[in-house]
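Notes for the one structure printed next.
Read-outs: derived from the displayed coordinates by stated rules, not from any lab. Computed from a predicted model, the values in this text were never measured in an experiment. Ideal geometry is used to build each Cβ from the backbone, glycine not excepted, and the neighbour counts take in all protein chains shown.
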Amino acid sequence: MTARSLADHRDAVAAALRPGQVLDVLLADAVGATLAEDLVAPADMPPAPVAERDGYAVMAADTALASADAPVALAVSHDVSFDVRAPRRHVRGAAARIPSGAAIPVGADAVVALADTDLGVARVAIGRPVEAGDGVRPAGFDARGGDVLVPAGTRLGPRQVAAAAALGRPRVRVRPVPRVVVIAVGDELIEPGASRPGGGVAEATTHMIAALVQEAGAKPYRVGAVPDDALQLRGALEDQLVRADMVITTGGLSDGPQDTVAEVLARLGTFEAVDLQLRPGRRHGLGMIDAGGREVPVIALPGSPAAAAMGFEAYVRRAVRVLCGHPNVERAPFQARSRKRWIASPGVVTGMPVIVDRDPGGLLSVTPLGAESLSLADLARADAVVWSGPEPQVVDVGDEVRCTVWGG
């Protein structure tokens, strides 16, 4: 058994985890992955002015006298085609029919909307004047050559995939979404909605952890509750290793004879149980499982939902973000003032869930929850966490505290 500060444990976890391998994948397979390269515009987009609507390309000066009562008639010189290598030169006093997205003829400076014309084929009557630039997207409107549209480290979603496609990229280099297996251990645990003679405890912790893993950017695979039995736990772990880049267990870490997590994990690789200077929650663990030629990191959390939640926020979320290859691994902090007094225990880092609101003056304020003991109701209500310690600290009403938003 090892006693360890939170800072040292974070370092140990960081040393055990590394970002996933960079792969070159099809665009359709990149959604959710982390971009491993900058997506850069090779040239101006669009390279030349284009029509932003269907209509007629004109010189704006030729429409200056147009009105609904006295439309201006212009000869239609040609239909603009996407198949032409370069735009034709525009003739003064003429109009060219043009579809949205097509290059503007050289010399034209505006596009008249179809609704403002009589849709003429040989000659077109224009019933409203336009100004230079109307209906035109200039060269470089979407991006200038050399612009970074999507920086490396971005989690790819629909908008980022669209940007890659607009650059003509059928494939991109990414760090794939890591797969995290989440296993609850405990004889007393049953699935929500299930029952058994003598009752049981509905397993809630790994439902929460799986959701937090997904919010952090990884793909969770939650396994149903496994009893405190060495053979069953080992079998469950070995079954899951084929799809695991990381394993998180909850529960089964105490010194009781029926708590088997440390024993089983040590036999599968290396494992160290840790008395962590973190409250709530004390017993944690870290190890590596031999998965037939590759090592899978395993993090063991307490079984209590409150303790597991604090452990995840304190160091596991950061580890998951590292595994994903995200550059921003910490939640952004903010400052607020306390509405109540509380005392942080000396010698440990304390995570205090809080409700966030605004005081009459409009300043952010927080109200602590579960100062003595953190309940499931407190977890559900909390908006953020205030971190303090390991130095002893007394937080008085009106004191400014440092918070992180509690997502997930």
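Note on the chain: with a GNM built from Cα contacts shorter than 10 Å, the maximum mean-square fluctuation among 73, 218, 314 falls on 73.
Distant-in-sequence amide contacts of residue 226, defined by a placed amide H-H separation under 5 Å and a gap of 5 or more residues or a different chain, comprise 184, 185, 186.
Run through segment 285-349 and list the GluC sites (Glu not before Pro) located in a DSSP loop whose Cβ has at most 16 other Cβ atoms within 10 Å. Could the numbers behind the result be given before it?
Numbers: sites: 295, 313, 330; in loops: 330.
Those that pass, being in a loop and sparsely packed, are 330.
Report, as a whole number in µm² per second, the diffusion coefficient that Stokes-Einstein gives for the chain at 37 °C and 0.692 mPa s using the Kirkwood radius over alpha carbon pairs. Once the numbers are plugged in, D ends up at 127 µm²/s.
For the chain, with only Lys/Arg (+1) and Asp/Glu (-1) charged at the beta-carbon, what is the dipole magnitude about the Cα centre, in debye rounded to 20?
680
Close amide-amide hydrogen proximity is noted between residue 73 and 126, each under 5 Å apart and 5 or more residues distant or on a separate chain (H modeled in the peptide plane; Pro and chain starts excluded).
Determine the shape class of segment 333-405: with a ≥ b ≥ c the square roots of the Cα gyration tensor eigenvalues, call it rounded for a/c under 1.5, and otherwise prolate if a/b is greater than b/c, oblate otherwise. Oblate, since a/c reaches 1.5 and b/c is not below a/b.
Each residue of segment 295-309 was assigned a 3J(HN,Hα) from its phi angle through the Karplus expression (A = 6.51, B = -1.76, C = 1.60, θ = phi - 60°), giving 9, 10, x, 10, 10, 9, 10, x, x, 5, x, 5, 5, 5, 5 Hz with x at Gly and Pro.
Summary: within the chain, the longest segment free of trypsin sites (Lys or Arg not before Pro) located in DSSP loops with at most 11 other C-beta atoms within 10 Å is 93-293. Scanning residues 5 or more positions from residue 143 or on other chains, those with amide H under 5 Å from its amide H are 45, with H placed 1.01 Å from N in the peptide plane.
Here segment 333-405 carries DSSP beta bridges of which approximately 90% are antiparallel, counting only pairs with both residues inside.
Across segment 87-98, rounded Karplus estimates of 3J(HN,Hα) from the backbone phi angles (6.51 cos²θ - 1.76 cosθ + 1.60, θ = phi - 60°) give x, 6, 7, 7, 9, 4, x, 10, 9, 10, 5, 9 Hz, Gly and Pro being marked x. Residues in segment 348-360 carry Karplus couplings, in order, of 9, 8, 10, x, 10, x, 9, 8, 9, 8, 10, 7, x Hz; the curve used is 6.51 cos²θ - 1.76 cosθ + 1.60 with θ = phi - 60°, and Gly or Pro positions show x.
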